[in-house]
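**Student:** Pasting in a structure now, in structure tokens, and then I'll have a few things to ask.
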Amino acid sequence: MNIPANLKYTKSHEWVRVESDGTVTVGITDHAQELLGDLVFVELPDIGKTLAAEQEAAIVESVKAASDVYAPIAGTVIEVNGAVPDAPESVNQDAYAAWLFKLKPANAADVDALLDAAAYAACADE
Amino acid sequence: MTQKTVLNETHRRLGARMVDFGGWDMPLHYGSQIEEHHAVRRDCGMFDVSHMCAVDIAGADAKAFLLRLIANNVDKLKEPGKALYSAMLNESGGVVDDLIVYFVADGQYRMVINAGTAEKDLAWMAARLADWQLDVAVVARRDLAIIALQGPNAKARVWQVRPDARAATEALKPFYSVSVGDCFIATTGYTGETGFEITLPASQAETFWQQLLDAGVAPIGLGARDTLRLEAGMNLYGQDMDESVSPLDAGLAWTVDLDSPRDFVGKPALLAQPQQKQFLGLVLLDKGVLRAHQKVVTAQGDGEITSGSFSPSLQQSVALARLPLATAIGDTVQVDIRGKLLAAKVVKPCFVRNGKALV
């Protein structure tokens, strides 16, 4: 399983990268894209939207089914990856390059409670 | 207990993602469902459909049994080998299953029924047989495997592997069948492409599959099978119709013979309750994906999507839907997707045939 050690994770299969300016970048894991199969539609949140932790933030749909992407922590959407809705397959090709949205955390310390790579690997293996 | 076809280990060796389908452990895809879909539309692909059940129906009263059992009329089967698609109905006119029946010879028919409904169907047939006191044997052939080859190059690939089958199948028209040695070869399918469905002894399935793989035929999972049949406008049992749905409301009126004086199970119910809804296609004009059970809002009332997905051939979402009788082809309707109303166009329920877009 492809689970980069430098990222944080959630049980609901989002990955989180803490940037140098304190914002966080969010996507879905390689394991998630593999479970979903070929993606054909992605809907991203509106910029400026305030999200609670575990609130639905985006939707990814494969040929098979629709699936919610949740906000890993509380925060405000400051940027979305507009290239992804035009090419949903980019998430299948490289789930860690095809990020979905960036959040300004409501509380920077919240990321500490997320899973590390080893903990996510154990949870994805179940 | 999940059932396995004789090719189960072969699918796993090929790296298939396996899923439960109607109680069977089957390949969903072998990597990319969309690539598999395109392989069938553009070249050729093969499907293990051994979870479907071949049933031999033989005896002096075989025809009389089928005349009463199913909604289409087996009297249409004049030439040996000819196939007929039909619904099998219950007393209230709901669909017990949809099936294909092949006329093998006088007093001898073969039926292919769905995987998830096979046990129910066999019990249903046994009960009718007991009621009607006919001289017929109904035998489920779980000793057989079924491999479907579909796509513009499917027949050529089969002949490459089985040159002995060429002469008997080259001139076979669509919806016919013929026996070649141990193989029962039919020009039927579930993709809207040309090809064969080949029923053979389970013991020979792995060798045949491997020969086809070596000839360059791509294995195709049930995921692509579903988008292919959806584009072809073919019904899926349990989704587009079931025991609570009349065939007249599921786009199957063409398979129901109400004209002949023949009596069959469910006929009085269909005569008492004419068509309530029409079964049509939808093409989503906005971005998104149509899915089963989404509500369709029309000027004539509400409808419901029964099957929907993204169409890899058309690169947009399509669906089959039950709509009010007054809704017309060409109308623009709205589909409720997670609370948003998105525009869709009403079309004939057939989106792609023989590799060509029809909408």
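**Student:** Kirkwood-based Rg over Rh for region B:1-148 (C-alpha set), two decimals?
**Tutor:** 1.03
**Student:** Moving on. Could you tell me the largest-minus-smallest coordinate of the C-alpha atoms of the protein assembly as shown on each of the three principal axes, in descending order and whole angstroms?
**Tutor:** The principal-axis extents, from largest down, are 83, 54, 40 Å.
**Student:** Once you treat every alpha carbon in region A:30-69 as an equal point and sum by Debye, what is log10 I(q)/I(0) at q = 0.14, 0.22, 0.30, 0.33 Å⁻¹?
**Tutor:** -0.34, -0.72, -1.00, -1.10
**Student:** Kindly write out, for region A:65-77 in residue order, the coupling ³J(HN,Hα) from the Karplus curve 6.51 cos²θ - 1.76 cosθ + 1.60 (θ = phi - 60°), rounded to whole Hz, with x marking Gly and Pro.
**Tutor:** Result, rounded to whole Hz: 7, 9, 9, 7, 10, 9, 6, x, 9, 6, x, 10, 6.
**Student:** Along the Cα→Cβ direction, 7 angstrom out, place labels at B:Ala156 and B:Trp132. What is the inter-label distance in nm?
**Tutor:** 4.5 nm
**Student:** Oh, and also: Quick check: pseudo-label points 7 Å beyond the Cα along Cα→Cβ at B:Leu285 and A:Asp21, how many nm apart are they?
**Tutor:** In this crude spin-label approximation the distance works out to 4.0 nm.
**Student:** Output needed for chain B: three equivalent-ellipsoid semi-axes, defined as square roots of 5 times the C-alpha gyration tensor eigenvalues, in descending order, whole Å.
**Tutor:** Whole-Å semi-axes of the equivalent ellipsoid: 31, 28, 18.
**Student:** Structure shown: which of B:Lys173/B:Lys356; A:Lys64/B:Lys345; A:Lys64/B:Lys356; B:Lys277/B:Lys348; B:Lys76/B:Lys173; B:Lys267/B:Lys348 lie over 18 Å apart, alpha-carbon to alpha-carbon?
**Tutor:** Correct reply: B:Lys173/B:Lys356; A:Lys64/B:Lys345; A:Lys64/B:Lys356; B:Lys267/B:Lys348.
**Student:** How big is D for region B:90-248, in µm² s⁻¹ as a whole number, if Stokes-Einstein is applied with the Kirkwood radius of its Cα pairs at 20 °C and 1.002 mPa s?
**Tutor:** 123 µm²/s
**Student:** Follow-up question, since we're still on this one. Hand me the trypsin sites (Lys or Arg not before Pro) from region B:50-117 located in a DSSP loop with no more than 12 other Cβ atoms within 10 Å, in residue order please.
**Tutor:** Passing both the DSSP loop test and the Cβ count: B:Lys78.
**Student:** Determine which lysines satisfy two conditions relative to A:Lys104: a Cα distance under 25 Å, and not lying fewer than 8 residues away in the same chain.
**Tutor:** Leaving aside lysines fewer than 8 places away in the same chain, those within reach of A:Lys104 are A:Lys8, A:Lys11, A:Lys49.
**Student:** Another question, then. Put a dot 7 Å past each Cα toward the Cβ at B:Asn354 and A:Ala113; how far apart are the dots in nm?
**Tutor:** Each label point lies 7 Å from its Cα, and together they span 6.2 nm.
**Student:** A follow-up question, please. In deg cm²/dmol, rounded to 500, what helix-only [θ] at 222 nm does chain B give when every DSSP H run of at least 4 residues adds -39500 (n - 2.57) and the total is split over its residues?
**Tutor:** Roughly -6500 deg cm²/dmol at 222 nm, from the helical runs in chain B.
**Student:** State the dimensionless ratio Rg/Rh of region B:1-83 (Rg: radius of gyration of Cα atoms; Rh: Kirkwood radius).
**Tutor:** Ratio value, two decimals: 1.13.
**Student:** For a quick size check, give me the Cα extents of region B:127-197 along its three principal axes, largest first, whole Å.
**Tutor:** 47, 27, 22
**Student:** Something else about it: At q = 0.18, 0.19, 0.23 Å⁻¹, what base-10 log of I(q)/I(0) does the Debye formula yield for region B:276-357 when every alpha carbon is treated as an equal point scatterer in vacuo?
**Tutor:** One equal scatterer on each Cα of region B:276-357 leads to -0.63, -0.71, -1.03.
**Student:** Per residue, how big is the convex hull of region A:8-108 when only Cα atoms are used? Give it in Å³.
**Tutor:** 84 Å³
Each value in this text was obtained by applying a stated rule to the coordinates, not by laboratory testing. Being a predicted model, the structure only gives us computed values, none of them experimental. Cβ: placed from backbone, ideal geometry, glycine included. Neighbour counts: every protein chain shown.
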